[in-house]
Amino acid sequence: MLPRTSGILLHPTSLPGPFGIGDLGHDAFRFVDFLRETGQSLWQVLPLGPTGYGNSPYMCFSAFGGNPLLISLQKLVEDGFLEPQAIAEPPAFPAHHVDYGAAYRWKKPLLEQAFRRFSEQSRNSYREDFYRFCEQQAFWLDDYALFMALKDEHQGRTWTQWDAGAAHARSDALLHWHNKLTTAIQYRKFVQYIFFRQWGELKHYCHAQGIRLIGDLPIYVAYDSADVWSNHNYFQLDEQGSPIAVAGVPPDYFSASGQRWGNPLYRWDAMAEDDYRWWINRFRVNFSLVDILRLDHFRGFEAFWEVPAAETTTVNGSWVKGPGAPFFHKVQEVLGQHGIQFDVIAEDLGVITVEVDDLRDNLNFPGMRILQMAFGQDPKAQEYRPHNHRYHSVVYTATHDHNTSQGWFTIEPGRQTTQTAQQVQEERAHVLAYLGTSGEDIHWDMIRLALGSVAARAIIPLQDLLGLGSDARMNMPGSSAGNWEWRFRWEQLNSSVCAEFRDLTAIYERNPRLLNNDAD
């Protein structure tokens, strides 16, 4: 039986630091210290992959790789890859949000400089470790490194706009490009080596402090990715490589016209023919980075919304059956043979049917209970109300796709959801009646509800702990600007906030270290 635990949802990009974007350096380790000091056991992050246009961690150039922007420059100095003066005078980056373009323009030349230094040292203590990493990760790293080198060579254009031989991955063309881009390919491999090395050090520190990492596995991959480029047969593409159908969801809480994500859909029949090898490798790599995986859009494994690629909205889509239980049974079987525990959280939000619930329950996966969705008139709201929670689940005040709790409770109706003004007013009245509160400190009220829930795990977005409004929202589904940019500052995590959070965690018995000490 799972112990009662709690933790924080915070993507590393949101960490403080002087280099324009949160990274895997000293501030990440300091954040782990904060988690331990407040009695937390879990740190949940968003997908860690290399982001592309729009900076969304759910639209990455690789389903396996890490984001180069998360690499700590300070640790590159400490490990001898950069001289201290190289990072002594960073630009005046904004402290409140990530300017991705500015961070990339400054960090990329420094990563290239670190690679040159690594390459020029014939007796580098990291060289053997680097070659071992490349050999162990070759099943995805080779394709990714070549893909990114080719993308640079073609001025960042989507792979369908490359030289025809490269775009269609013809063997003679790839041999030519391999020879021409050898250094660029090695650079991309070096960057991934550094990311995995730094993440591994952070993960080791988390475990030493009693913190488990929760990762996030997007169900779909970006069209402009190494995964689609190198595995045409796994995706619904025409002969030119263009999508035949794309992913999305029908009209919902966030959008009256639905959400057209645009990701190419899988050919599940082709994936089944080789026993889901690509998926098994993907799970294997991700479980090497984290302890628990949130399965994004879990309902898509039971049935997914298929939208003809020519459609500009999702209204004319249709439900198509997914791979279901046989897929998960095969994945669990193979991972179990490698000693990997399949510890997952099913993101069971959206249009959920009895079949989706049955799939989750038959597989014994914990689902999610979102408190912001607990007080409306939607039929699923009943399940999200704390008195109806069950132990084998994970309760959240909100997710990265929701408003902050403060923003949710105070924002003008109709601005960020499809609810009418009357529905919002009724929902807020229900919240106040349920809580027996004025709503003045609604974020603490919601945190109390989450920590007091019977659900085994409780996760609080850091924005809610800090009581921030809509300006601190991480993502607005259906919008393409201003997302994924929020950052916090250490002064916001003052002693009063930390003390109250620590006390509530103890009151609701979610600090297993404290309970173990009492038992002794």
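The values are calculated or read from the model by the stated rules, or taken from the named source; none is laboratory data. As the structure is a prediction and not an experimental result, all values here were calculated from the model. A quick note on method: Cβ atoms are made from the backbone with ideal geometry, for glycine too, and the neighbour counts reach across all protein chains shown.
Residue pairs whose Cβ atoms lie under 7 Å apart, sitting 6 or more positions apart in sequence or on different chains, and linking a residue in the stretch 173-198 that is more than 14 Å from Glu153 (Cα to Cα) and in contact (Cβ under 8 Å) with a residue 60 or more places away in the chain to a partner that is surrounded by fewer than 21 Cβ atoms within 10 Å (Cβ to Cβ) and of a type in the set (Ser, Thr, Tyr), do not occur here. Please specify each residue of the stretch 202-249 satisfying the condition of being of a type in the set (D, E, K, R) and under 22 Å from the mean Cα position of the chain (by Cα). Of everything in the stretch 202-249, those that are of a type in the set (D, E, K, R) and under 22 Å from the mean Cα position of the chain (by Cα) turn out to be Lys203, Arg212, Asp216, Asp224, Asp227. Scanning the stretch 324-333 for any residue that is closer than 25 Å to Thr399 by Cα and touching a residue at least 60 places away in the same chain (Cβ under 8 Å) turns up nothing. Checking the structure you have, find out if any residue of the stretch 383-404 is of a type in the set (Lys, Arg), touching a residue at least 60 places away in the same chain (Cβ under 8 Å) and surrounded by 20 or more Cβ atoms within 10 Å (Cβ to Cβ). Checked against the condition, which is being of a type in the set (Lys, Arg), touching a residue at least 60 places away in the same chain (Cβ under 8 Å) and surrounded by 20 or more Cβ atoms within 10 Å (Cβ to Cβ), the stretch 383-404 yields no hits at all. Looking for something more than 30 Å from Pro512 (Cα to Cα), in contact with a helix residue (DSSP H, G or I) (Cβ under 9 Å, 6 or more places away or on another chain) and modelled with pLDDT of 95 or more - is there at least one such residue anywhere in the stretch 206-213? There is no residue in the stretch 206-213 that is more than 30 Å from Pro512 (Cα to Cα), in contact with a helix residue (DSSP H, G or I) (Cβ under 9 Å, 6 or more places away or on another chain) and modelled with pLDDT of 95 or more. Among the conditions (1) touching a Leu at 6+ places or on another chain (Cβ under 9 Å); (2) touching a residue at least 40 places away in the same chain (Cβ under 8 Å), the only one that Gln40 does not satisfy is (1). You will find that of Thr437, Thr420, the residue that is touching an Asp or Glu at 6+ places or on another chain (Cβ under 6 Å), farther than 27 Å from Pro47 by Cα and without any contact (Cβ under 8 Å) to a residue 12 or more places away in the chain is Thr437 and no other.
Of all residues in the stretch 434-474, those satisfying the criterion of being buried (at least 22 other Cβ atoms within 10 Å of the Cβ) and closer than 26 Å to Gly54 by Cβ are Ile459, Pro461, Leu462, Gln463, Asp464, Ala472, Arg473, Met474. In the stretch 35-43 there is at least one residue matching the filter, namely being in a helix (DSSP H, G or I), charged (D, E, K, R) and either under 19 Å from Asp227 (Cβ atoms) or more than 21 Å from the chain's Cα centre (by Cα) (or both).
Between Arg487, Arg473, Arg510, the distinction of being closer than 20 Å to Ser6 by Cα, of a type in the set (Lys, Arg) and at pLDDT 95 or above belongs to Arg510 only.
The residues of the stretch 188-205 that are over 21 Å from His26 (Cβ atoms) and polar (S, T, N, Q) amount to a single one, Gln192. Scanning the stretch 65-112 for residues that are within 19 Å of Asn124 (Cβ to Cβ), of a type in the set (A, V, I, L, M) and in a helix (DSSP H, G or I) returns Leu73, Leu76, Val77, Ala86, Leu110, Leu111.
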